[in-house]
Amino acid sequence: MLKVTVQAKTGLHARPASQIVNVANQYKSDIFLEFEGNRFNCKSILSLMSSKIAHGDKVVISATGQDSTLAEQKICDIITSFVE
Amino acid sequence: MLFSKKTKELYAPLDGDLVPMIDIPDSVFSSKMMGDGFAIKPANGMVYAPADCEVVMVFETSHAIGLKTKDNIEILIHFGIDTVKLNSVGFDVKVEEGMKVKKGDLLLVVDIDQIRDKVPSLITPIIITSGEKFILEEKFKIKNGEKVLSFI
């Protein structure tokens, strides 16, 4: 599990959400973002866009599967790279 | 009802010109990163449900609506390019998450004259994010409610 603060000013809209989905689909693990007691599937664009995750929100990335550690790190990197 | 109806077709959510995905002026959509679909260059700002479905997502800035049919086909309607930056100004969304809508129900009214100069494009991608394959109608101009694609 990794914690990350979302910097993106406009939250997880189409552009960042689709990049997360793209990266997440490269891993075998199931990958979720946990926020305010809810889990959002990193492999589903509608799930991520419905999360209402906004600028400044702290989220937890959790993955389960063979490549879970790599997957979590990669998703964390993607999220921290979004600033606009 | 003891059987569920399979969604065989989608109907245009907007009046306008049909634009193939690869011609959308934004690589996030034209690369089909989010999935395949089509786009419409809107003639006006009235957006209607393309099929009977449930509203599963209304983005906070009102420019994107996610829908799901009874047979789990997911459709994302994303009005315009970079419209997230408008922060809902010019967007009057008529539905809420969890609502069930019928084909042709009004989802969103956009003041396109107000937003036209503020965004790179009004071209509206409509994406089948659940990945079902389809055949697009060979049309240039389309009216809302007209058949736009058939699932195969």
| request: For region A:16-39, state whether one or more residues are under 26 Å from B:Thr83 (Cα atoms), more than 8 Å from the chain's Cα centre (by Cα) and among the small types (Gly, Ala, Ser). | output: yes
| said: Any residue at all in region B:65-77 that's under 22 Å from A:Thr10 (Cα atoms), more than 15 Å from the chain's Cα centre (by Cα) and acidic (Asp, Glu)? | reply: no
| field | Single residue of A:Gln26, A:Gln19 found to be within 14 Å of chain B (Cβ to nearest Cβ), modelled with pLDDT of 95 or more, open to solvent by 10 Å² or more (accessible area, probe 1.4 Å) and closer than 21 Å to B:Lys32 by Cα | value | A:Gln26
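The values are calculated or read from the model by the stated rules, or taken from the named source; none is laboratory data. Keep in mind it's a predicted model, so treat the numbers as computed, not measured. When we count neighbours, we look across all protein chains shown, and the Cβ atoms used for this are built from the backbone with ideal geometry, even at glycine. Note: areas computed on protein heavy atoms with side chains; ligands, DNA, RNA excluded. Shrake-Rupley method; radii C 1.70, N 1.55, O 1.52, S 1.80 Å.
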